[in-house]
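Notes follow once the structure below has been shown.
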Amino acid sequence: MINAVHDSLAENRRTIESYEGYADRYVQIRRNPDDKEQAALRQVASIAGLGGHVLEIGSGPGYDADFLETLGVKVRRTDATQRFLDLQAARGKPGDRLDVITDPLGGPYDAVVAQYVLFHIPRDHIDRVLAKIAGALRPRGAFLVSMREGDHETGGDYHEVYWRRNDFAARLKAAGLITLWDDVSLGSDDVTWNTFLTRRMA
């Protein structure tokens with residue numbers, strides 16, 4: 001069991017290290033949020049309220065955070081990859097280095113956003129991560145998350161974990177998060193993504 005935990009954490013570290021080398025390229029190809037993504041972020045901001053505090057896990061280039069801030073909320077930008085934080089800081093958008101598996105999240109927050117990032121979390125850590133996120137929210141705070149559809153994993157430089165929609169929805173519920181809606185979309189790499197907007201139970 002100890003070896004399995006060590007192996008999964010090593011996979012996570014390898015993914016982070018890979019993004020260190022890929023961040024500059026990623027910033028060039030990652031677009032601003034599309035209409036559907038903007039609609040979801042608007043709902044997050046509405047729940048958080050004007051001046052509300054939002055934690056973004058895996059900010060990457062920071063484009064989602066940029067959009068959220070135009071809606072009147074305060075975003076704590078975080079990423080496990082230092083290069084992403086450096087690139088954001090260079091344009092006047094400072095953030096914090098944060099590994100969602102090992103680091104405390106702080107809070108409480110009015111909302112947490114984790115778009116296209118938690119699919120890198122090893123399968124044996126996802127329940128603890130979701131419980132940590134729920135614990136960082138105020139009662140009835142919002143959590144927006146997108147996960148890849150499937151039931152397999154990929155190895156190599158980027159560890160990716162696919163979840164069936166119903167299986168992940170059940171894990172959200174077990175963490176104390178009520179799903180308000182979920183949506184399906186097709187990514188540029190022809191991978192299906194399931195997006196969930198949830199609220200912490202009161």
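If we keep just the residues of region 186-202 that are over 9 Å from residue 141 (Cα atoms), modelled with pLDDT of 85 or more and surrounded by fewer than 18 Cβ atoms within 10 Å (Cβ to Cβ), which is nearest to the chain's Cα centre (by Cα)? If you could, list the steps in order and put the result at the bottom.
As a first pass, look at region 186-202 and keep what is over 9 Å from residue 141 (Cα atoms): 186-197.
Add one more test, that the residue is modelled with pLDDT of 85 or more, and what stays is 186, 191-197.
Adding the requirement that they be surrounded by fewer than 18 Cβ atoms within 10 Å (Cβ to Cβ) leaves 186, 191-193.
Values: 186: 18, 191: 17, 192: 16, 193: 13 Å.
Checking each candidate, the answer is 193.
Somewhere in region 113-120, is a residue of a type in the set (Ser, Thr, Tyr), under 25 Å from residue 14 (Cβ atoms) and out of contact with any Ser or Thr (no Cβ under 9 Å at 6 or more places or on another chain)? Before you say what the answer is, go through the steps one by one.
Restricting attention to region 113-120, the residues satisfying the condition of being of a type in the set (Ser, Thr, Tyr) are 116.
Filter once more, keeping what is under 25 Å from residue 14 (Cβ atoms): 116.
Retained after the next criterion (residues that are out of contact with any Ser or Thr (no Cβ under 9 Å at 6 or more places or on another chain)): none.
Within region 113-120, none of the residues are of a type in the set (Ser, Thr, Tyr), under 25 Å from residue 14 (Cβ atoms) and out of contact with any Ser or Thr (no Cβ under 9 Å at 6 or more places or on another chain).
In region 32-51, what residues are over 18 Å from residue 186 (Cβ atoms) and in a helix (DSSP H, G or I)? Give the steps one after another, and end with the answer.
Quick first cut of region 32-51, residues over 18 Å from residue 186 (Cβ atoms) only: 32, 41-51.
Answer for region 32-51, where residues must be over 18 Å from residue 186 (Cβ atoms) and in a helix (DSSP H, G or I): 41, 42, 43, 44, 45, 46, 47, 48.
Pairs under 9 Å by beta carbon, first residue in a helix (DSSP H, G or I) and surrounded by fewer than 17 Cβ atoms within 10 Å (Cβ to Cβ) in region 166-182, partner acidic (Asp, Glu) and at pLDDT below 95, six or more apart or different chains?
As it stands, the answer is 167/151, since those pairs meet every condition given.
List, please: which pairs have Cβ atoms under 6 Å, are six or more places apart or on different chains, and start with a residue in region 97-110 that is closer than 18 Å to residue 84 by Cβ and end with one that is crowded, with 22+ Cβ neighbours inside 10 Å and of a type in the set (A, V, I, L, M)?
99/80; 100/57
Looking at (1) modelled with pLDDT of 95 or more; (2) on the phi < 0 side of the Ramachandran plot; (3) surrounded by 17 or more Cβ atoms within 10 Å (Cβ to Cβ); (4) not polar (S, T, N, Q), which one does residue 89 not meet, given that it meets all the others?
Among (1) modelled with pLDDT of 95 or more; (2) on the phi < 0 side of the Ramachandran plot; (3) surrounded by 17 or more Cβ atoms within 10 Å (Cβ to Cβ); (4) not polar (S, T, N, Q), residue 89 violates only (3).
Using the structure shown, decide if residue 14 is within 19 Å of residue 113 (Cβ to Cβ), among the basic types (Lys, Arg), at pLDDT below 90 and surrounded by fewer than 21 Cβ atoms within 10 Å (Cβ to Cβ).
So residue 14 does not fit the description; no.
Quick one: residue 80 ticks every box in (1) over 22 Å from residue 139 (Cβ atoms); (2) over 12 Å from the mean Cα position of the chain (by Cα); (3) of a type outside the set (D, E, K, R) except a single one, so which number is it?
So the condition that residue 80 fails would be (2).
Go through 19, 26, 63 for me and flag whichever is touching an Asp or Glu at 6+ places or on another chain (Cβ under 9 Å) and more than 17 Å from residue 198 (Cβ to Cβ). Reasoning before the result, please.
Values: 26 fails: touching an Asp or Glu at 6+ places or on another chain (Cβ under 9 Å); 63 fails: touching an Asp or Glu at 6+ places or on another chain (Cβ under 9 Å).
Only one candidate passes the filter, namely 19.
Condition check: in contact with a strand residue (DSSP E or B) (Cβ under 6 Å, 6 or more places away or on another chain), part of a strand (DSSP E or B), buried (at least 21 other Cβ atoms within 10 Å of the Cβ) and not polar (S, T, N, Q). Does residue 144 satisfy that? Show your work before the answer.
Details: in contact with a strand residue (DSSP E or B) (Cβ under 6 Å, 6 or more places away or on another chain): yes; part of a strand (DSSP E or B): yes; buried (at least 21 other Cβ atoms within 10 Å of the Cβ): yes; not polar (S, T, N, Q): yes.
When the stated conditions are applied, residue 144 passes them.
Do we find that residue 131 is in a helix (DSSP H, G or I) and in contact (Cβ under 8 Å) with a residue 24 or more places away in the chain in this structure? Spell out the reasoning first.
Values: in a helix (DSSP H, G or I): yes; in contact (Cβ under 8 Å) with a residue 24 or more places away in the chain: yes.
For residue 131, the condition - in a helix (DSSP H, G or I) and in contact (Cβ under 8 Å) with a residue 24 or more places away in the chain - is met.
Could you tell me whether region 40-58 includes any residue that is closer than 25 Å to residue 201 by Cβ, charged (D, E, K, R) and touching a Lys or Arg at 6+ places or on another chain (Cβ under 8 Å)? Let's see the steps before the verdict.
Within region 40-58, the subset closer than 25 Å to residue 201 by Cβ is 40-58.
The next check asks that each one be charged (D, E, K, R); those that pass are 42, 56.
Add one more test, that the residue is touching a Lys or Arg at 6+ places or on another chain (Cβ under 8 Å), and what stays is 56.
Checked region 40-58: at least one residue is closer than 25 Å to residue 201 by Cβ, charged (D, E, K, R) and touching a Lys or Arg at 6+ places or on another chain (Cβ under 8 Å).
Just to be sure I understand the filter: pairs with C-beta atoms under 6 Å, separated by 6 or more residues or on different chains, first member in region 52-72 and part of a helix (DSSP H, G or I), second member surrounded by fewer than 22 Cβ atoms within 10 Å (Cβ to Cβ) and at pLDDT below 95. Which pairs pass?
Listed pairs, sorted by first residue: 63/32; 64/33; 67/33.
The values are calculated or read from the model by the stated rules, or taken from the named source; none is laboratory data. The structure presented is a predicted model; accordingly, all values stated were derived computationally and were not measured. Note that each Cβ is placed from the backbone with ideal geometry, even for glycine, and that neighbours are counted across all protein chains shown.
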